[in-house]
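Chemist: Please find one structure pasted underneath; my questions will follow.
Bear in mind these aren't lab numbers, they're just calculated from the coordinates by the rules spelled out. This structure is a prediction, so every number in the text was calculated from the model and none was measured. Ideal geometry is used to build each Cβ from the backbone, glycine not excepted, and the neighbour counts take in all protein chains shown.
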Amino acid sequence: MSDPVPELAARVRALRPKGRRALVAIAGPPASGKSTLAAQLAEALGAGALAVPMDGFHLDDSVLEARGLRDRKGSPPSFDAAGFVHAMRRLAQEPEVVLPVFDRSREIAIAGALAVGPDCEIALVEGNYLCFDAAPWRDLMALWDLSVFVDTPEQVLRDRLVTRWQTHGRADAAQWIETNDMPNIRLVRSNRLPVDLSLTDEQAI
């Protein structure tokens, strides 16, 4: 597949929601290239477009520990899903919304770290569960002006995750990938709702 960014940028520019900010969903499993695509698309679109990550809505490790979810970080119940859906409704309608972001090097969410102001006309929202067929995630589909799913082959995802966790110095990387990341990947891929566009070539990003 050729570089999808120019065609995707043209499609995003053609969006004309009335009286509100345009929301573009860039969904896909972990390590599929969502963040890279969102960043490249924001650069191609220029002023007025901003990449908005979902990962700031991760529950803190202390909460996950209390709920018995520490070993399932990144799974649907390990996020503040209702809070994220509410934030996306605000993002569509309100001139300014301040959102949390996730610091992967410390594995924590940082509150109030991303201010999306009135100069942002297009929000490129990227995350695992943006097109996920379960409550309350499925409520997001009504908010997206365009939905894109990045469906990268499983072995490519595994290889990228090995590199990711080695970079972050995770000693149990192999076990974590097989017991946590891969189940999340399969869940995202097997439970996605229909989207406007699917990118399937591992070389697309």
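Chemist: Separation between the R89 and E7 pseudo-spin-labels, each 7 Å from Cα along Cα→Cβ, expressed in nm?
Modeler: Between R89 and E7, the label points sit 3.6 nm apart.
Chemist: Just tell me the longest site-free run in the chain, where the sites are GluC sites (Glu not before Pro) in a DSSP loop having at most 16 other beta-carbon atoms within 10 Å.
Modeler: My reading of the result: 1-95 is the longest stretch.
Chemist: Separation of region 149-200 and region 74-96 by C-alpha centroid, Å?
Modeler: The two parts, judged by their Cα centres, are 22 Å apart.
Chemist: Additional query: With point charges of +1 on the Cβ of Lys and Arg and -1 on the Cβ of Asp and Glu, referenced to the Cα centre of region 91-205, which listed residue (Q175, L99, Q155) lies farthest in the positive direction of the dipole?
Modeler: Checked the options; the winner is Q175.
Chemist: Summing +1 for each Lys or Arg and -1 for each Asp or Glu, what net charge is found among the other residues whose Cβ lies under 15 Å from the Cβ of R67?
Modeler: Numbers: positive: R70, R72, K73; negative: D60, D61, E65, D71, D80.
Local net charge: -2.
Chemist: By how many nm would the segment from D172 to R70 lengthen if fully extended, with 0.36 nm per residue of separation less the alpha-carbon distance?
Modeler: Details: separation 102, 0.36 × 102 = 36.72 nm, distance 1.42 nm.
Value of the extension gain: 35.3 nm.
Chemist: While we're on this one: Return the FRET efficiency for the residue pair R186, A111: r is the Cβ-Cβ distance, R0 is 22 Å, and the value is rounded to the nearest 0.05.
Modeler: FRET efficiency, R186 to A111: 0.10.
Chemist: Next question, about the same structure. Could you sort 9-21, 52-64 so that the peptide with the highest average Cβ count within 10 Å comes first and the rest follow in order?
Modeler: Packing proxy ranking, top to bottom: 52-64, 9-21.
Chemist: Right, here's the next one. If I model a spin label as a point 7 Å beyond the Cα along the Cα-Cβ vector, how far apart are those points for R138 and T36 in nm?
Modeler: Distance between the two pseudo-spin positions: 3.3 nm.
Chemist: Starting from the eigenvalues of the Cα gyration tensor, five times each then square-rooted, give me the equivalent ellipsoid semi-axes of the chain, largest first, whole Å. If you can, show how the numbers build up before the last one.
Modeler: On the way: eigenvalues 137, 83, 48 Å².
Semi-axes (√(5λ), whole Å): 26, 20, 15.
Chemist: Once you keep just the Cα pairs under 8 angstrom separated by 6 or more residues, what percentage relative contact order results for region 5-199?
Modeler: For region 5-199, the relative contact order is 32 percent.
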